[in-house]
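What follows is calculated from the coordinates using simple rules that are stated; it is not laboratory data. Computed from a predicted model, the values in this text were never measured in an experiment. Here Cβ is always computed from backbone atoms with ideal geometry, including for glycine, and neighbour counts include all displayed protein chains.
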Amino acid sequence: MRRNTQHLLATLLALAPAAVAWRPAGDPLAVAPQSRLWIDGKSTVRKFSCKAPVFTADVDAAPGAVAAVLGGAKAVRAVTVTVPAEKMDCGNGTMNEHMLKALKAKDAPTIVFTLTGYDVAKGDAGVQGTLNGTLTLGGQTRPVSIAAQAADAAGGLLRVSGSYTLKMTEFGLKPPSLMMGTMKVDDAVTVNFDLFLKPAATAAN
């Protein structure tokens, strides 16, 4: 019995390199500087917008992914977008303070979206898709489905844009309240993204 087990382990170890090599080498996509990510919301007083001046996007894709996606193919393998919560900027010092407190930035310093699957199709209106994944906000993780569009951009860039409306309370967050409660932020906010992607090897040149 022991000899059979040893033989099985040896066989699996011998096959492991072949299994790893079976998946073709990836061609990561890098985020171009003009990419944007921001949150829109409104309060009892006015509308507001908080941008993410700093964020990272790790995109693993098959070779030739830009052209493949524009053709309606599923060429992206994995996506992780990470935003430092404390870097969010609402354009107003007081609003920044209250928003960071609402996002629990000290205890939950990062906002993370992780792709778990997606659908994509090319039609008359261009390439449309639904991004399924998880969003971690305020230390809590919830499943999300985001409608997105892909388009050809100048210089061989792939432009991916979309938006997702969420309720802060769904993530255990309390919407900010300012000026002794006379200004209250609505529970619902919209996360927007406008990403320009290019093969990392090309972007480095």
* Sorting VAL112, VAL31, VAL191 on the 10 Å Cβ count, fewest up front, what's the list? -> VAL112, VAL31, VAL191
* To do: List, in the order given, every pair from LYS51/LYS184; LYS51/LYS74; LYS51/LYS101; LYS47/LYS198; LYS122/LYS167; LYS47/LYS122 whose Cα-Cα distance in the structure shown is over 23 Å.
  => LYS51/LYS74; LYS47/LYS198; LYS122/LYS167; LYS47/LYS122
* Structure fact -> Nearest-0.05 FRET efficiency for SER145 and GLU86 at R0 = 35 Å, using Cβ-Cβ distance, is 0.80
* Asked: Quick one: if you stick a label point 7 Å off each Cα along the C-beta vector at ASN132 and ALA78, how many nm between them?
  -> 1.9
* Asked: Once the piece of chain linking LYS167 and LYS184 is laid out straight, how much longer is it, given 0.36 nm per residue of separation minus the C-alpha distance between them?
  -> 4.7 nm
